[in-house]
Amino acid sequence: MEMANDARRGLLVALLVALALGLAAETASAQWQIESKDGKASLKFGFLIQPQMEMLETADQSATSTNLYVRRFRILFGGNVTEKWSFFFETDSPNIGKANPVTGAKEAGDVFIQDAYVTYNHSAAVKVDVGMIMLPHSRNGTQSAATLLAVDYGGYTFLDSGPAGERVGRDYGVQLRGYPARQKLEYRLAVSPGVRGVNAKNPLQVSARGVYYPWGAETGFFYGGTFQGTKKQAGIGGGFAVQDDATILSADAFFETPTVNKTQGLTLQFNWMKYDGGTFLPLLPEQQAWLMEAAYHLANHKLSPFIQYAVRNFESASTPDQTSLQVGVAWWMAGHQRNLKFSIGRQRIDGQDSRTQALLQLQLFYF
């Protein structure tokens with residue numbers, strides 16, 4: 001009982017600190033950008049920081065793990081070299097200060113390159129991205145971490161990353177991307193190394209994705225997780241990835257629309273993925289992952305109650321299935337530039353007791 005009271009007090013203190021930080025932060029009015037005299041070349045700077053508190057019941061439910069840490073800290077660079085050539089580079093240092101559940105040691109916060117690519121923009125229908133890119137395996141997995149609806153991605157969105165040697169869905173390669181048919185359609189076709197093997201003689205991984213947009217495409221490299229109900233947007237997509245006999249299949253849908261004379265809004269997202277590592281990736285057993293997100297935006301799009309539900313089902317009956325449920329609320333103080341999110345939910349592995357998890361995250365994003 002005393003432990004539960006301490007946990008509640010800790011959560012209250014973290015909430016008050018986050019509120020104070022959010023209210024104290026001022027909305028920036030201009031971009032940090034350098035331009036050439038003719039305006040054709042530019043260099044833009046930015047950052048993303050997500051201080052976070054996590055409270056999670058231990059597996060034996062005898063205690064509560066509590067962490068105050070920085071979920072993400074990123075430095076962003078982007079811009080144009082010419083009218084046809086643009087670039088984007090981004091560092092990341094995730095989970096700074098989070099304790100290792102086994103040793104208790106806090107994460108030191110190594111800095112590495114998260115994204116690094118250049119884009120040749122031939123036309124709306126033909127773009128080429130080259131470098132370290134986010135592979136087009138699903139909509140949720142190709143969203144920007146700065147624009148997510150819930151506190152984080154779905155828990156089972158990047159199941160292939162470890163076995164395939166990727167970095168949170170990213171790999172080196174080249175991608176052909178475009179928005180034909182008056183930007184009602186989108187295609188992405190990427191070739192990446194995947195697992196190279198001895199003498200790097202394994203076949204390359206090929207990933208492809210297509211989307212239909214009834215009201216016009218999202219033409220940025222990253223998808224948005226939500227527009228806080230301010231935009232009418234919908235997309236129905238699907239794709240695949242293959243390397244040797246390892247495959248990924250996906251299908252997804254996104255819908256957002258303003259409501260009540262544009263003072264409120266609704267966001268819905270659905271993602272399905274089927275993984276099968278075959279003999280090539282034995283650490284990726286055959287399984288399916290489902291993700292469902294929904295939010296209703298109130299108070300002129302400033303407040304959004306949301307729900308995120310994720311399921312992981314293995315084909316083998318001997319491997320227990322998993323589920324994750326989070327219910328929360330987002331306060332969009334300044335959209336994605338400055339917001340505060342709180343959620344509480346349950347994590348479950350079949351045959352084990354469910355674990356309660358509470359998350360509180362402040363985001364400051366500027367780019």
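The values are calculated or read from the model by the stated rules, or taken from the named source; none is laboratory data. The shown structure was predicted, so the numbers you read here are calculated from the model rather than taken from an experiment. Neighbour counts are summed over all protein chains in view; Cβ atoms, including those assigned to glycine, are modelled from backbone coordinates with ideal geometry. What goes into the accessible areas is simple: the full protein's heavy atoms, side chains included, and nothing from ligands, DNA or RNA. Shrake-Rupley method; radii C 1.70, N 1.55, O 1.52, S 1.80 Å.
Could you work out how much longer the chain between residue 279 and residue 81 gets when fully extended? Use 0.36 nm per residue separation minus the Cα distance between them, nm to one decimal. All intermediate terms of the calculation are to be shown ahead of the outcome.
On the way: separation 198, 0.36 × 198 = 71.28 nm, distance 4.38 nm.
Roughly 66.9 nm would be gained on extension.
For residue 184, go through the aspartates and glutamates and keep the ones whose alpha-carbon is under 19 Å away, minus same-chain ones fewer than eight residues off.
Qualifying aspartates and glutamates at Cα under 19 Å: 218, 252, 256.
Given R₀ = 45 Å, FRET efficiency for residue 61-residue 40 by Cβ-Cβ distance, to 0.05? Present the calculation step by step, with values, prior to reporting the outcome.
Working: r = 60 Å, r/R0 = 1.34.
Once the sixth-power term is evaluated, E becomes 0.15.
Could you calculate the contour length gain from residue 202 to residue 189, that is, 0.36 nm times the residue separation minus the distance between their Cα atoms, to one decimal place in nm?
Details: separation 13, 0.36 × 13 = 4.68 nm, distance 1.93 nm.
In short, 2.8 nm is gained.
Convert each backbone phi in the range 340-356 into a coupling constant with the Karplus relation 6.51 cos²θ - 1.76 cosθ + 1.60 (shift: θ = phi - 60°), then list the ³J(HN,Hα) values in order as whole Hz, x for Gly and Pro.
Rounded to whole hertz, the list is 9, 10, 10, 9, 9, x, 10, 10, 9, 10, 3, x, 10, 5, 5, 10, 7.
Could you compute the longest span of the chain free of trypsin sites (Lys or Arg not before Pro) located in DSSP loops and having at most 10 other Cβ atoms within 10 Å, not counting the site residues? It would help to have the intermediate numbers written out before the result.
On the way: sites that count: 37, 201.
It works out to 202-367.
Counting only the backbone N, which residues of the range 314-331 are under 15 Å from the spot 7 Å out from the Cα of residue 344 toward its beta-carbon?
325-330
Among 176, 216, 163, whose Cα sits farthest toward the positive end of the charge dipole of the chain (+1 at Cβ of Lys/Arg, -1 at Cβ of Asp/Glu, about the Cα centre)?
Result: 216, furthest along the dipole toward the positive end.
Please report, in cubic angstrom per residue, the volume enclosed by the convex hull of the alpha-carbon atoms of the range 146-231.
115
Looking at the range 273-367, which GluC sites (Glu not before Pro) are in a loop (DSSP not H, G, I, E or B) and have at most 13 other Cβ atoms within 10 Å? Write down the numbers at each step before the final one.
Numbers: sites: 286, 293, 315; in loops: 286, 315.
The qualifying sites are 315.
Given H placed 1.01 Å from N in the peptide plane, which residues other than close sequence neighbours of residue 185 have an amide H under 5 Å from its amide H?
Distant-sequence amide H within range of residue 185: 213.
Which entry is the computed Kirkwood radius over Cα pairs in Å for this structure: (i) 21.1; (ii) 21.8; (iii) 20.0?
Label of the calculated value: (ii).
Just list whichever of 98/127; 232/341; 274/341 have alpha carbons separated by over 32 Å in the model shown. Show your work: numbers first, answer last.
Working: 98/127 39 Å; 232/341 23 Å; 274/341 30 Å.
Violating the 32 Å limit, Cα to Cα: 98/127.
Carbon-plus-sulfur fraction of the accessible area of the range 226-356, 1.4 Å probe, in percent? Before the final figure, lay out the partial values.
Working: 3560 of 5880 Å².
Here it works out to 61 percent.
Please work out the average accessible area per residue across the chain, using the 1.4 Å probe convention, and give it in Å². Working shown, then result.
Working: 17210 Å² over 367 residues.
Per residue, the chain has an accessible area of 47 Å².
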